[in-house]
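The values are calculated or read from the model by the stated rules, or taken from the named source; none is laboratory data. Please read all numbers here as calculations on a predicted model, not as lab measurements. A quick note on method: Cβ atoms are made from the backbone with ideal geometry, for glycine too, and the neighbour counts reach across all protein chains shown. Only protein heavy atoms, including side chains, enter the accessible area calculation; ligands, DNA and RNA are left aside. Shrake-Rupley method; radii C 1.70, N 1.55, O 1.52, S 1.80 Å.
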Amino acid sequence: MIKDFKIGETISQVFLVKDVTKGVTTTGKNYMSILLQDKSGTIEGKKWDIDAKDLENFKKGALLLIDGDVTSFKDKLQLRIASDNIANKEYSDFSSVIMSSPIPEEELINDFNYYKNSVHNETLVQILNAIFDKYYNDYIIFPAAVRNHHEFYHGLIHHSVCMCKVAEQVCKIYNDISYDLLITGCLLHDLGKVIEFSDPISPSYTNEGNLLGHISIGMSIIKETCDNLNITGEIPMLLEHMILAHHGKQEYGSPVTPLTREALLLSMIDDMDAKMMVLDKAYKDVNDGEYTDRIFALDNASFYKRHDI
């Protein structure tokens, strides 16, 4: 497993190809940088001597049996690839190469059902039931991102459920918050990602994802659902506003900024959960008393990992 690799080791293992970049050395030779993944993490692979077979094999989403040596560049492990072959059928089990939620699927689904069933407003119940009748199967397996946070199998439901847990506690502290509206927003805010992304295994952006984005897609799903159910009035408008505003600022991709208590809370809870996941990832490879590498998603800061207290 990638997490156990040590400098100097020779590796022979099946990997999922997550991304491929072609380059040219200073001497004019072609090479490839390949982001490789197993269920424990990712590592950058380098293939310096490229032939026709490499060009055919190294494609995003491919399962490859790779032989190579573990090296280091700028204090990060790399895999110098010696050979690559399409994985035989006996190695084609994706479970060995998929990064999945650290929370078991059954627990995630139980939590999802708990929060979905905790909503009692009849209009919101209708909306939730209609949407998840259509999108549930994708919702429980898709990632919540291509990179940075919750970019793993079951990532979307993981992210949404964690946000519901925070929202539940927030509603106990502050007055005049609609629990039903906030929980519905937490469950639906990233729904558009099941259309924005190509698949749950090795996702890339679809045409809809590139041209519309998950915020617009999600709002459209809610509007279409409400139109089909003949639901009008303030509730669908408030829910649509929450989806449009959940990135908090227009420079972060939201067409509008939050202008209700629930929309503001949704944007803050979303931001907090995403950042905590980014930190969790960064801390995995850091010893107590040391700092992470600079984290672009967190203002390019290096974070200190405290000792147990």
* Asked: Restricting attention to the stretch 234-249, which residues are exposed (fewer than 15 other Cβ atoms within 10 Å of the Cβ) and either of a type in the set (A, V, I, L, M, F, W, C) or at pLDDT below 95 (or both)?
  -> M237, K249
* Asked: When both residues are 6+ apart or on different chains and their Cβ atoms are under 6 Å apart, which pairs have a first residue that lies in the stretch 292-309 and is free of Cβ contacts under 8 Å to residues at least 12 places away in the same chain, and a second that is open to solvent by 100 Å² or more (accessible area, probe 1.4 Å) and part of a loop (DSSP other than H, G, I, E, B)?
  -> N300/R294; S302/R294
* Asked: Mind checking which residues of the stretch 177-216 are open to solvent by 40 Å² or more (accessible area, probe 1.4 Å), closer than 19 Å to Y136 by Cα and among the charged types (D, E, K, R)?
  -> D199
* Residue ID - nearest to L188 (Cα to Cα), chosen from residues in the stretch 205-225 that are under 19 Å from the mean Cα position of the chain (by Cα) and hydroxyl-bearing (S, T, Y) -> S216
* **Index of the failed condition, S12 passing every other in (1) outside any strand (DSSP E or B); (2) of a type in the set (G, A, S); (3) open to solvent by 70 Å² or more (accessible area, probe 1.4 Å)** => (1)
* Kindly list, by first and then second residue, each pair from a residue in the stretch 236-255 that is over 22 Å from T225 (Cβ atoms) to a residue that is in a helix (DSSP H, G or I), limited to pairs with Cβ atoms under 6 Å and residues at least 6 apart or on different chains. => G248/S267
* What do you reckon, is I7 over 25 Å from the mean Cα position of the chain (by Cα), at pLDDT below 90 and among the aliphatic types (A, V, I, L, M)? -> no
* Structure fact -> Within the stretch 44-71, restricting to residues that are part of a helix (DSSP H, G or I) and touching a strand residue (DSSP E or B) at 6+ places or on another chain (Cβ under 7 Å), the one that is farthest from V97 (Cα to Cα) is D54
* Residues of the stretch 43-61 being surrounded by fewer than 18 Cβ atoms within 10 Å (Cβ to Cβ) and in contact (Cβ under 8 Å) with a residue 40 or more places away in the chain, which ones? -> K59, K60, G61
* Asked: From the set of residues in the stretch 15-35 that are open to solvent by 70 Å² or more (accessible area, probe 1.4 Å) and among the basic types (K, R), which is farthest from the chain's Cα centre (by Cα)?
  -> K29
* Structure fact -> Checked the stretch 173-195 for anything of a type in the set (A, V, I, L, M, F, W, C) and in a helix (DSSP H, G or I); matches are I173, L181, L182, I183, C186, L187, L188, V194, I195
* To do: Could you list all residues from the stretch 132-167 that are over 17 Å from E105 (Cβ atoms), of a type in the set (V, I, T) and in a helix (DSSP H, G or I)?
  => V166
* Asked: Does I109 qualify as being of a type in the set (A, V, I, L, M), assigned to a helix (DSSP H, G or I), at negative phi and surrounded by 14 or more Cβ atoms within 10 Å (Cβ to Cβ)?
  -> yes
